[in-house]
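Inspection log for the structure reproduced underneath, given as structure tokens.
The values are calculated or read from the model by the stated rules, or taken from the named source; none is laboratory data. Here the structure is a predicted model, which is why all the values come from computation and not from measurement. Note: ideal-geometry Cβ built from the backbone for every residue, glycine included; neighbour counts use all protein chains shown.
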Amino acid sequence: MVATIFVCRSITPTVVHPASSTEAALLLAEKCLSLRLELETSPCPREWWLMRRLGLVVVLVVVACSSPTGVDPRTPELPVIDPAALNELLTSLDRPAVVNIWASWCLPCRAEAPLLQQAHASFGDQVEFIGIAYNDNQPGARQFLDEFDLPFPHYFDQRGEIIAELGGFGVPRTYFFAPGGELIETHNGVIDEQTLALQLDELLAR
């Protein structure tokens, strides 16, 4: 849940209620900008300047792990995975693997999700795709998968143990493994179509 509160002595405090979709998030941003302009042009410019100078203008953002709406009850919870279990899975594979670390609250992860879906549709019979939800909650992760329809196995790593083991910080991150589990390449941040295609070609050429 996200709430933004602006305080000014001559303007009634306004609360923008939780955004439950991309459209609602854009409306939230527009409302925030409107409120800021209203404050800056309010009849109390001197009070506004003093309050800002003294740090008494409050912008409070509260992020709470509330359960997202619209989760398909047929979507199962993601099984928990740790580094040892992932290593066992990767070493058992006789084909290359792409491991993508994502989170439902991560906007760059949402941006690259359609590309991963397309890559799986094209290469899923040759490459094992694995998704791992990082530092997330089960309802949010399930809603993410419902929204983007990523039809490959996904796991849950709330404490970020996989990234700690493989190296790196933050999401999204994509790891490329040869058959048998040898780590070949790591990509930090959003992956683009050209980079993903190049890495997949190199994996398949090995």
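Observations on the model:
Quick grid of which residues meet (1) out of contact with any strand residue (DSSP E or B) (no Cβ under 8 Å at 6 or more places or on another chain); (2) crowded, with 16+ Cβ neighbours inside 10 Å; (3) part of a loop (DSSP other than H, G, I, E, B); (4) touching a residue at least 40 places away in the same chain (Cβ under 8 Å):
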residue	(1), (2), (3), (4)
Val71	yes, yes, yes, yes
Glu77	no, no, yes, yes
Leu89	no, yes, no, yes
Ala133	no, yes, no, yes
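- Those residues of region 135-159 which are in a loop (DSSP other than H, G, I, E, B), out of contact with any Gly (no Cβ under 9 Å at 6 or more places or on another chain) and either within 17 Å of Arg74 (Cβ to Cβ) or at pLDDT below 95 (or both), in sequence order: Asp149, Gln158, Arg159
- Some residue of region 193-204 being under 23 Å from Ser92 (Cα atoms), touching a residue at least 24 places away in the same chain (Cβ under 8 Å) and part of a loop (DSSP other than H, G, I, E, B): no
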